[in-house]
Amino acid sequence: MSDAHTSLTLQMLEWIQQRPHSYTEVIEAWHSTCPRLCIWEDACAEGLISCEGGVNGLVTLSQKGGAMLMSASRERCVGTISKA
C-alpha cells in the first residue's frame, strides 16, 4: 500500500470507529471510481471492516481494522517521541 493509500485507509477506519455508519452513508463518503484510490473496496477485500445486514445494515471495524488503527497509533506516538 502506498503512503497516500494507507493514510486514506486509516482516515476511513478512524471515521468508522467514531460510530457505526450505515452502508449507504459509507458508500456516499468513501466509494470511488478511481482505480488508484479504491479505499472502500480495498478495506473490504482486506477484511478491515464488517458490514452487517447488507445495504440497510451498519458498517463497523473488524478486529483486523481495529488492530491496524492501534498499530498506526503506536507508530505515530513513537515517531512523535523520536522527533522530540
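The values are calculated or read from the model by the stated rules, or taken from the named source; none is laboratory data. Quick caveat, the model's predicted, so the values are computed rather than measured. Counting neighbours? That spans all protein chains shown, and the Cβs are built from the backbone with ideal geometry, glycine included.
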Could you check, for region 27-40, whether at least one of its residues is touching a strand residue (DSSP E or B) at 6+ places or on another chain (Cβ under 7 Å) and assigned to a helix (DSSP H, G or I)? no
_Filter result for residue 29 (under 11 Å from the mean Cα position of the chain (by Cα) and either of a type in the set (A, V, I, L, M) or modelled with pLDDT under 90 (or both))_ = no
Pairing a residue in region 46-75 that is loosely packed, with under 14 Cβ neighbours inside 10 Å with any residue that is among the charged types (D, E, K, R) and part of a helix (DSSP H, G or I), where Cβ atoms lie under 7 Å and the two sit 6 or more apart in sequence or on different chains, gives 47/64
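In the list 15, 40, which residue meets the criterion of being aromatic (Phe, Trp, Tyr), surrounded by 11 or more Cβ atoms within 10 Å (Cβ to Cβ) and at pLDDT below 90? Give the steps one after another, and end with the answer.
On the way: 15 fails: at pLDDT below 90.
After ruling out the rest, the residue left standing is 40.
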Checked region 12-45 for anything more than 20 Å from residue 2 (Cβ to Cβ), free of Cβ contacts under 8 Å to residues at least 12 places away in the same chain and polar (S, T, N, Q); matches are 18
Scanning region 42-62 residue by residue, those under 14 Å from residue 10 (Cα atoms) and either aromatic (Phe, Trp, Tyr) or in a helix (DSSP H, G or I) (or both) turn out to be 42, 43, 44
